[in-house]
Amino acid sequence: VSAAALEATEPIVPDAIRRLGDSPRWADVVVHRGVARWVEVADDAAAPMREQTAQVLAQIDATLAMLGADRTRLLSLTIYLSDLADAPVLNELWDAWVPRGHAPVRACVQAGLSGSLRIEVLVTAAVE
């Protein structure tokens, strides 16, 4: 999610639905009733799994910060891997990234991903 997509936004109104980002197919972030939802994929799809995962986790951090939140506000993540054999790499980075005592609900499934992407993550977080 780009900083520009989030910069020109209004305050969150309880019943309003905010769609951040301008694309004919999807919004970068959707916020409704204090819950934000978005998807992250690696910026460098040619990178190996470890680097793609690190990129995605850093992008989640950046989006959380732009929304005025942090990792403790994560509610759930659905993680799509192109190959479940990559799960040990994901789990190693995940365990170091998730704040102790604030783990979100998490599902991890194998899915056909676009091009050479190894990971895609659907994020849900509580925001003010």
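The values are calculated or read from the model by the stated rules, or taken from the named source; none is laboratory data. Bear in mind the structure is a predicted one, so any value in this text is a computation, not a measurement. When we count neighbours, we look across all protein chains shown, and the Cβ atoms used for this are built from the backbone with ideal geometry, even at glycine. Keep in mind that these areas ignore ligands, DNA and RNA; they rest on the heavy atoms of the full protein, side chains included. Shrake-Rupley method; radii C 1.70, N 1.55, O 1.52, S 1.80 Å.
Could you look through segment 22-34, keep only residues that are touching a Leu at 6+ places or on another chain (Cβ under 9 Å) and either open to solvent by less than 30 Å² (accessible area, probe 1.4 Å) or modelled with pLDDT under 90 (or both), and pick out the one that is farthest from Thr63 (Cα to Cα)?
Ranking the qualifying residues of segment 22-34, first place goes to Val31.
Name the single residue that is modelled with the highest pLDDT among those in segment 9-21 being touching a Lys or Arg at 6+ places or on another chain (Cβ under 9 Å) and not hydrophobic (A, V, I, L, M, F, W, C).
Ranking the candidates gives Asp15 first.
Scanning for something at positive phi and without any contact (Cβ under 8 Å) to a residue 40 or more places away in the chain, does segment 60-73 turn up at least one residue?
Taking every residue of segment 60-73 in turn, none turns out to be at positive phi and without any contact (Cβ under 8 Å) to a residue 40 or more places away in the chain.
Note down all Cβ pairs under 7 Å where the first residue falls in segment 104-126 and is within 26 Å of Gly68 (Cβ to Cβ) and part of a loop (DSSP other than H, G, I, E, B), the second is of a type outside the set (Ser, Thr, Tyr) and modelled with pLDDT under 95, and they're at least six residues apart or on different chains.
If the second residue must be of a type outside the set (Ser, Thr, Tyr) and modelled with pLDDT under 95, no pairs are left.
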